[in-house]
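Before any comments, here is the structure.
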Amino acid sequence: MLGACMVLGGCQETAAVPEETKKADTQQVKEEEPEAGAGTDVAKEDPSASPKGRYEEPVEVSISKVMVTNPHLIEGQSVEDNVVLDLIKEDLNIDVKIAWEAEGSEYNNKLSLNIASGDLPDIMYINNYLTFREMAENDMLADLTDIYETYAGNYMRQTYDTFGGRNMEPLTIDGKLYALSTANIGYGHNILWLRKDWLDKLGLEVPSTMEELKHVLKEFVEKDPGENGPGNTIGLAIHATKPVAGYGNKFGVEPIFHSVGAYPTQWMADASGNIYYGSIAPEMKEGLAILREMYEEGLIDKQFVTRVGSGETDAIVDSGLAGAWFAPWWGSSGDSYVNNPDIKLAVANAPLDGEGKYNHLLPAPTADLVAVSKDCANPEALLKIINEEYDVYRGIDAEGLATVQPVFDQGVSREALFPTGGFNLDYYDVVPKLGKLCKNLVETGVMGGDETTTEYDRWKAEGAKRYADGIDPSDPNAPNTFCDYYGRYVGSNILDTPENNPVDAAYYYTTQSSDRLKPTLDKLEEQMYLQIITGEKPLEYFDTFVEQWKKLGGDVLTQEVQVMVDGQ
């Protein structure tokens, strides 16, 4: 429908957690006042031409939103009428109207219907990159290039600068910026988690290479350091239905493929710029052979394919049956501490490749987007609204935060109150940055930090310090401090060490034929992993899979991605 309406010319005139900030609606506070933004040096006769300049005359804008599943709204607060919208109206003289909402799974369909009818709101939340590209290329969106330079506030600039332009490039077409991206923060890739108390009991070192990892897993399974009983101890816990799914896939085995130079589920480019799908690369066979051998030797959970229920894989880790698993920095669990307060964990960038590097993927440059209709009379209103939202949310506007804090304290969802919904601004490197803050406090007793350090950051660091100092297991907060210690102090401090080798995919998004072809192709791929790893199919079946994948539409998608990449 989207493509059809563009061809007919009916709408030319219209327009990646563990998420850091969602976990801290009430804790992220800054005391300092904002500095003047880069856009404040403007004509004195137009005081509104600045990041938070108030319009002299009322301005009305409409916006579409993704519906919040559990908004926890209280009396007097609604999506259409709430304390945040009141602040925006009072401070900026902008009256925000919610044009419509739709559930996440239906949102893009609803937006496509709006495009087809030529009836778009002034500001749109866009959760499909292909939709954005088609709208921009068909002259439907406002050019935000100069608007960004004038109206982006300090906090927006500071956070965007940490992406090094990576989050702007996919949104810039022919030199013009057509949208803003929510922060897709970095360092959420999988690392190796191990039971350190088991390592210590067996006199083992934290593994680095593939062979060392196999040895550790074999010792865990055969010597049962957790005293689970013969045949009950699991070496490596892996995901039942999606052992390979891409970036940040908890219980996935992607690091094993990455160690041999394979990047499954990703669109990659060779040295000549030719696009290929990582899951069909020749290097995949070596990774599959390793996993197949590990399964045959009992180093991988023999029953992993049966653990299809929600939380079943987590349960074997939390109950103390598993000795290792791959997960992002947040891969520890308070439940495992509750079940065994004496538990100790270790993390590692492992397995390394043949050159001693830990290969891992980068996240997609962008996440969900916000853009403005070309017909909007005041496109700069979008940036003013975002500046207001995050000056309040981060406590830069202390008075504004004091106004909304009582509502947040009652559990009301930030996404429900903010007109931009789930749009988020945060630093790309917030995870290792907070890790270093925790490390300094735990090891020296000094908090440290800089002008970007929030109260939330300090709160997490203090939790890690309480655990390090020896918290009473009966303390209700003990499981949380356990996670703060291992996630923020231990896990976060190996993410940017010298052996890390971040790898960027060539393309992260969908294409015209994705909706039609990917379900079949993805199912074929998922079955291939399970069949080869468990021995149901021989290793040579991988070649058959590649042929089938190409014939069933893989070649079509590859050609479409090549066109998209060449056009960037």
Thr444, Thr69, ranked by accessible area, largest first (probe 1.4 Å): Thr69, Thr444
Inter-label distance for Lys551 and Lys523, nm, one decimal - labels placed 7 Å from Cα along Cα-to-Cβ: 1.7
Which labelled figure in (i) 1.56; (ii) 1.03; (iii) 1.39 is Cα Rg over 2.2 N^0.38 Å, once derived from the coordinates: (ii)
About the Cα centre, charge dipole magnitude for the range 177-327 (Lys/Arg +1, Asp/Glu -1 at Cβ), debye: 340
Mean accessible surface per residue for the range 323-436, computed with a 1.4 Å probe while every protein chain stays in place, in Å²: 27
Per residue, in Å², the accessible surface of the range 137-218 once ligands and nucleic acids are set aside, probe 1.4 Å: 39
Simple spin-label estimate for Thr444 and Asn340 in nanometres, 7 Å along Cα-Cβ: 3.5
Nonlocal amide H pairs with Asp95, under 5 Å, H built at 1.01 Å: Val59, Glu60, Val61
Derived scalar couplings ³J(HN,Hα) [the range 157-164; Karplus, 6.51 cos²θ - 1.76 cosθ + 1.60; whole Hz; x for Gly, Pro]: 5, 4, 5, 5, 4, 6, 8, x
FRET efficiency, 1/(1 + (r/R0)^6) with R0 60 Å, evaluated for Glu297 and Arg516 via beta carbons: 0.90
Helix-only mean residue ellipticity at 222 nm for the chain, each DSSP H run of n ≥ 4 adding -39500 (n - 2.57), per residue, nearest 500: -11000 deg cm²/dmol
Table column - 3J(HN,Hα) (Hz), the range 277-286, Karplus curve with 6.51, -1.76, 1.60, x for Gly and Pro: 8, x, 6, 10, 5, x, 4, 4, 4, 5
Gain upon complete extension [Val565, Asp174; 0.36 nm per residue less C-alpha separation]: 139.4 nm
Rg to Rh quotient for the range 130-198, alpha carbon positions, Kirkwood Rh: 1.20
Computed label-point distance, nm, for sites Ala315 and Glu60 using a 7 Å Cα→Cβ extension: 5.5
For the range 201-210, Karplus couplings with θ = phi - 60° (6.51, -1.76, 1.60), whole Hz, Gly/Pro x: 4, 9, x, 9, 8, 5, x, 10, 8, 4
Percent accessible area from carbon and sulfur atoms, the chain, protein chains only, probe 1.4 Å: 47
Asp146 - accessible surface, heavy atoms, 1.4 Å probe, Å² rounded to 10: 120
Exposure ranking of Cys483, Cys438 by accessible area [1.4 Å probe, largest first]: Cys483, Cys438
Contour minus Cα-Cα distance for Met67 and Lys97 (0.36 nm per residue): 9.3 nm
DSSP beta bridge pairing in the chain, given as percent antiparallel to the nearest 5: 55
Segment Leu202-Thr534, length gained on full extension (0.36 nm per residue, minus Cα span): 116.7 nm
With DNA, RNA and ligands ignored, accessible area of Glu227 (1.4 Å probe; Å², nearest 10): 140
Cβ crowding within 10 Å averaged over residues, with 313-326, 264-277 ranked highest first: 313-326, 264-277
Summed residue charge, Cβ within 12 Å of Thr69's Cβ, Lys/Arg positive, Asp/Glu negative: -3
Cα-centred dipole magnitude for the chain, charges only on beta-carbon of K, R (+1) and D, E (-1), debye, nearest 20: 1520
Calculated FRET value between Ala377 and Ser272, using beta carbons and R₀ = 51 Å, to 0.05: 0.60
Exceeding the 21 Å Cα-Cα cut-off - candidates Lys250/Lys344; Lys65/Lys176; Lys218/Lys537: Lys65/Lys176; Lys218/Lys537
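The values are calculated or read from the model by the stated rules, or taken from the named source; none is laboratory data. Computed from a predicted structure; not experimentally measured. Every residue, glycine among them, receives a Cβ derived from its backbone with ideal geometry; neighbour counts consider all protein chains shown. Remember, those area values only see protein heavy atoms, side chains included, never the ligands or the DNA or RNA. Shrake-Rupley method; radii C 1.70, N 1.55, O 1.52, S 1.80 Å.
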